[in-house]
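Note sheet for the following structure.
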Amino acid sequence: MRKVVLVTGGSRGIGAATCILAAQKGWDVAVNYTSNAKAADDVVQQVKAAGGRAMAVQADVAHEDQVLAMFQKVRAELGPLQGLVNNAGVVDVSARLDEMSMARWRRMFDINVLGSMLCAREAILQMSTKHGGQGGSIVNLSSAAARLGSPGQYLDYAAAKGAIDSFTLGLAKEIAGEGIRVNAIRPGLIDTEIHASGGLPNRVKDLEHLVPAKRGGSAMEVAQAIVWLLSDEASYTTMSLIDVSGGR
Ligand code: NAP
């Protein structure tokens, strides 16, 4: 029987690759997005072509009312979740700490940290055996930035991803006895549009000489690790922070 996964920010980049690969591996997929409905619909069509049921669902993960409505809609249309990928995330333009505003930091932590915690809370209510669920798997998107710190570029983003690492470790232990595994992936330099959104469209090419593997990674290379963590093949893997970063 196919299982149901919700991928936040599933409309583009790593999230889109995850939706498509998950469908190929037997998942039905809820594709969350905020603004680009066309991109989400394209992913829905690709999930359906791979044999999965799919829906696009709009919600800004930083807004509790929208997240609650999203979880209700997905449950009503696809059934209870067995998987959550907390993938929605943003960067901002390169700056030093002494140039950053509180508004920037609030957005960074609201989307990247609180959005992930909020979605995890709602997923636990559906998946935990304590709440009558069948168990499941939560995969959080951290970043190599959590280790590197991203000085002079976006250390607010790095700090937010550091929080995701701590959140992953604690939540994994908190609910390990309730049938839910919790892990994080820490991608390195991955070729997606996130870099352009931070004003550095050539960031992967510019920095790939710093990667021991001497190249950036693809969204699908990250999706492979995410979908493995979702699967029963990872049945004894929880509380892991997995680097997918070409050695960086
Ligand atoms: P991306 O190409 O910029 O795509 C971001 C996705 O997130 C889009 O689907 C976007 O939807 C959605 N999104 C943005 N803000 C949202 C919000 N508030 N609520 C719901 N959805 C939202 O990003 P990516 O490179 O694939 O990154 C995915 C994740 O991997 C992020 O958590 C990122 O921090 C992490 N990561 C990426 C890299 C990298 O090099 N690419 C490295 C390390 C970690 P709309 O288009 O509708 O706005």
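Tell me whether the stretch 206-218 contains one or more residues that are open to solvent by less than 50 Å² (accessible area, probe 1.4 Å) and in contact (Cβ under 8 Å) with a residue 40 or more places away in the chain. Please lay out each step first, then the result.
First, the residues of the stretch 206-218 that are open to solvent by less than 50 Å² (accessible area, probe 1.4 Å): 207-208, 211, 216-218.
Going one step further and asking which of them are in contact (Cβ under 8 Å) with a residue 40 or more places away in the chain, we end up with 218.
The answer is yes; a qualifying residue exists.
For residue 229, only one of the following conditions fails: (1) surrounded by 22 or more Cβ atoms within 10 Å (Cβ to Cβ); (2) more than 18 Å from residue 27 (Cα to Cα). What is its number?
(2) is the only condition that residue 229 fails.
Okay, residues lined up against (1) more than 14 Å from residue 227 (Cβ to Cβ); (2) not basic (Lys, Arg):
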site: 7; (1), (2): no, yes
site: 11; (1), (2): yes, yes
site: 75; (1), (2): yes, no
site: 80; (1), (2): yes, yes
site: 98; (1), (2): yes, yes
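Being closer than 19 Å to residue 222 by Cβ and either within 6 Å of the ligand (Cβ to nearest atom) or modelled with pLDDT of 95 or more (or both) narrows it down to one of 16, 37, so name that one.
Working: 37 fails: closer than 19 Å to residue 222 by Cβ.
On inspection, the qualifying residue turns out to be 16.
Can you name every residue in the stretch 53-72 that is of a type in the set (D, E, K, R) and under 18 Å from residue 116 (Cα atoms)? Before the answer, list the steps.
To start, the set of residues in the stretch 53-72 that are of a type in the set (D, E, K, R) comprises 53, 60, 64-65.
Once the filter is applied, which keeps residues that are of a type in the set (D, E, K, R) and under 18 Å from residue 116 (Cα atoms), the stretch 53-72 yields 60, 64, 65.
Is there a residue being in a helix (DSSP H, G or I), modelled with pLDDT of 95 or more, within 14 Å of the ligand (Cβ to nearest atom) and of a type outside the set (Phe, Trp, Tyr) anywhere in the stretch 75-96?
In the first step, residues of the stretch 75-96 are kept if they are in a helix (DSSP H, G or I); the result is 75-78.
If we keep only those that are modelled with pLDDT of 95 or more as well, we get 75-78.
Narrowing the set further to residues that are within 14 Å of the ligand (Cβ to nearest atom) leaves none.
There is no residue in the stretch 75-96 that is in a helix (DSSP H, G or I), modelled with pLDDT of 95 or more, within 14 Å of the ligand (Cβ to nearest atom) and of a type outside the set (Phe, Trp, Tyr).
Taking the stretch 97-131 as the region of interest, how many residues are assigned to a loop (DSSP other than H, G, I, E, B) and open to solvent by less than 40 Å² (accessible area, probe 1.4 Å)? Break it down into steps so the answer makes sense when it comes.
The first filter runs over the stretch 97-131 and keeps only residues assigned to a loop (DSSP other than H, G, I, E, B), leaving 100-101, 128.
Still in the running and open to solvent by less than 40 Å² (accessible area, probe 1.4 Å): 100, 128.
Looking only at that region, the number is 2.
Can you find even one residue in the stretch 52-63 that is in a helix (DSSP H, G or I) and either surrounded by fewer than 18 Cβ atoms within 10 Å (Cβ to Cβ) or under 17 Å from the mean Cα position of the chain (by Cα) (or both)? Before you say what the answer is, go through the steps one by one.
Keep residues of the stretch 52-63 that are in a helix (DSSP H, G or I), which gives none.
Taking every residue of the stretch 52-63 in turn, none turns out to be in a helix (DSSP H, G or I) and either surrounded by fewer than 18 Cβ atoms within 10 Å (Cβ to Cβ) or under 17 Å from the mean Cα position of the chain (by Cα) (or both).
One residue is enough: does the stretch 181-197 have a residue meeting the conditions farther than 30 Å from residue 80 by Cα, open to solvent by less than 40 Å² (accessible area, probe 1.4 Å) and of a type in the set (Lys, Arg)?
Applying the first criterion (farther than 30 Å from residue 80 by Cα) to the stretch 181-197 yields 188-197.
The next check asks that each one be open to solvent by less than 40 Å² (accessible area, probe 1.4 Å); those that pass are 188-190, 192, 195.
Narrowing the set further to residues that are of a type in the set (Lys, Arg) leaves none.
No, every residue in the stretch 181-197 fails to be farther than 30 Å from residue 80 by Cα, open to solvent by less than 40 Å² (accessible area, probe 1.4 Å) and of a type in the set (Lys, Arg).
So in the stretch 1-13, with the set limited to residues that are without any contact (Cβ under 8 Å) to a residue 60 or more places away in the chain and more than 13 Å from the ligand (Cβ to nearest atom), which one is farthest from residue 44 (Cα to Cα)? Break it down into steps so the answer makes sense when it comes.
Going through the stretch 1-13, the residues without any contact (Cβ under 8 Å) to a residue 60 or more places away in the chain turn out to be 1-2, 11.
Those still in the list that are more than 13 Å from the ligand (Cβ to nearest atom) too: 1-2.
Working: 1: 20, 2: 16 Å.
Applying the filter and picking the extreme gives 1.
Mind checking which residues of the stretch 154-180 are buried (at least 22 other Cβ atoms within 10 Å of the Cβ) and closer than 16 Å to residue 134 by Cβ?
Once the filter is applied, which keeps residues that are buried (at least 22 other Cβ atoms within 10 Å of the Cβ) and closer than 16 Å to residue 134 by Cβ, the stretch 154-180 yields 175, 180.
Within the stretch 21-43, which residues are in a helix (DSSP H, G or I) and either surrounded by 24 or more Cβ atoms within 10 Å (Cβ to Cβ) or polar (S, T, N, Q) (or both)?
Just the residues of the stretch 21-43 that are in a helix (DSSP H, G or I), to begin with: 21-24, 37-43.
Within the stretch 21-43, 22, 23, 24, 40, 43 meet the criteria.
Residue by residue through the stretch 137-154, note down the ones that are in contact with a Pro (Cβ under 9 Å, 6 or more places away or on another chain) and in contact (Cβ under 8 Å) with a residue 60 or more places away in the chain.
Within the stretch 137-154, the first condition is being in contact with a Pro (Cβ under 9 Å, 6 or more places away or on another chain), and the residues that meet it are 141-144.
Correct list: 141, 142, 144.
Looking only at the stretch 2-12, decide whether some residue is out of contact with any Lys or Arg (no Cβ under 6 Å at 6 or more places or on another chain), surrounded by fewer than 18 Cβ atoms within 10 Å (Cβ to Cβ) and modelled with pLDDT of 95 or more.
Scanning the stretch 2-12 turns up no residue that is out of contact with any Lys or Arg (no Cβ under 6 Å at 6 or more places or on another chain), surrounded by fewer than 18 Cβ atoms within 10 Å (Cβ to Cβ) and modelled with pLDDT of 95 or more.
The values are calculated or read from the model by the stated rules, or taken from the named source; none is laboratory data. These numbers were taken from a predicted model, which means no experiment stands behind them. Methodologically, a virtual Cβ is constructed for each residue, glycine included, from the backbone with ideal geometry; neighbour enumeration extends over all protein chains shown. Heavy atoms of the whole protein, side chains included, go into the accessibility calculation; ligands, DNA and RNA do not. Shrake-Rupley method; radii C 1.70, N 1.55, O 1.52, S 1.80 Å.
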